[in-house]
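Below: the structure, in structure tokens.
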Amino acid sequence: MSTPADPVRVSIRLNVASAATAAVLAVLSIFNRIEDPEVGLAVWGGFLVIVGTAHTSVLIASGRPSGWWSWWVGHSLTAVLIGAFTLWFVPSGSIALLTWSIVVWSVVSGGASVVQGFRQDPALSIRSDWISLGVGTLFFGLLVLIVPPEVYWLLGLAGVWAAMVTVFLVIAALSARPGVTGQNGAGEDDQ
């Protein structure tokens with residue numbers, strides 16, 4: 001059963017979960033020269049499963065808030081399914097599968113984040129955060145189609161995207177924080 005939840009609080013929790021998982025992907029992809037397709041598939045597939053599971057856990061812990069269902073399907077459920085599929089085919093060492101996995105998830109996830117942003121109240125700062133994150137993820141998917149189909153380039157690009165997303169989400173979570181504190185303070189004064 002859906003319960004009303006503060007969209008800013010939910011966004012902050014999702015941002016923290018995303019930033020933590022993206023930071024791990026960034027470290028693995030940037031500081032390690034991954035050229036083995038099997039390792040590349042395992043790293044990317046593992047990232048998707050972990051980020052999808054983390055977001056699902058956040059939404060469950062937030063009381064399954066209404067208004068997040070379509071984003072969860074487009075972002076988290078898709079991440080778990082594509083990640084599990086990618087992990088299943090790690091032994092294939094297919095660079096085409098790695099490219100497909102990154103592009104499909106980026107397009108579906110980025111689109112879901114843009115839609116979620118437009119669904120937010122225009123007065124909330126999180127609206128532009130969701131839209132920016134979605135557009136950046138869509139752009140990441142486009143870049144993956146352009147770069148040479150080599151594991152090193154694909155995972156390097158994923159690492160750079162993950163590093164930028166980590167910084168962006170930390171800033172978004174911190175900038176949204178005063179709004180949450182203000183809402184709590186106002187709620188306590190009114191009682």
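The values are calculated or read from the model by the stated rules, or taken from the named source; none is laboratory data. In this text the structure is predicted, and so the values were computed from the model without any measurement. All Cβ positions, glycine included, derive from the backbone under ideal geometry; neighbour counts span all protein chains shown. These area figures cover heavy atoms from the full protein model, side chains too; ligands, DNA and RNA do not enter into them. Shrake-Rupley method; radii C 1.70, N 1.55, O 1.52, S 1.80 Å.
Just a few scattered comments:
- Taking N as its residue count, the alpha carbon Rg of segment 37-143 over 2.2 N^0.38 Å: 1.12
- Sites matching trypsin sites (Lys or Arg not before Pro) across segment 2-87 that sit in DSSP coil, with at most 14 neighbouring C-beta atoms within 10 Å: Arg33
- Average accessible area per residue (Å²) across the chain - probe 1.4 Å, nucleic acids and ligands excluded: 49 Å²
- Net lengthening on full extension, Arg64/Asn32 (0.36 nm per residue, minus Cα-Cα): 7.8 nm
- Projecting the Cα atoms of Val43, Ser106, Val151 onto the charge dipole of the chain (Cβ charges, centred on the Cα centre) puts Ser106 farthest toward the positive pole.
- Within a Gaussian network of the chain (alpha carbon springs, distance under 10 Å), most fluctuating of Ile30, Ile131, Ile60: Ile60
- Assuming charge only on the beta carbon of Lys and Arg (+1) and of Asp and Glu (-1), the dipole of the chain about its Cα centre is about 120 debye to the nearest 20.
- Vicinal HN-Hα couplings computed from phi for segment 13-26 (Karplus, 6.51 cos²θ - 1.76 cosθ + 1.60; Hz; Gly/Pro x): 5, 5, 4, 5, 4, 5, 4, 5, 6, 5, 5, 5, 4, 4
- Each Cα pair under 8 Å and six or more residues apart adds its separation to the average, and for the chain the resulting relative contact order is 31 percent.
- In Hz, Karplus ³J(HN,Hα) per residue of segment 77-91 (6.51, -1.76, 1.60; θ = phi - 60°; x = Gly, Pro): 4, 4, 4, 5, 5, 5, x, 5, 4, 5, 5, 4, 9, 3, x
- When the alpha carbon gyration tensor of the chain is reduced to an equivalent ellipsoid, its three semi-axes come out at 32, 16, 14 angstrom, largest first.
- Extension gain (nm, one decimal) between Ser57 and Phe118, 0.36 nm per residue minus Cα-Cα: 19.6 nm
- Inter-centroid distance (Cα atoms) of segment 94-141 relative to segment 23-48, Å: 20 Å
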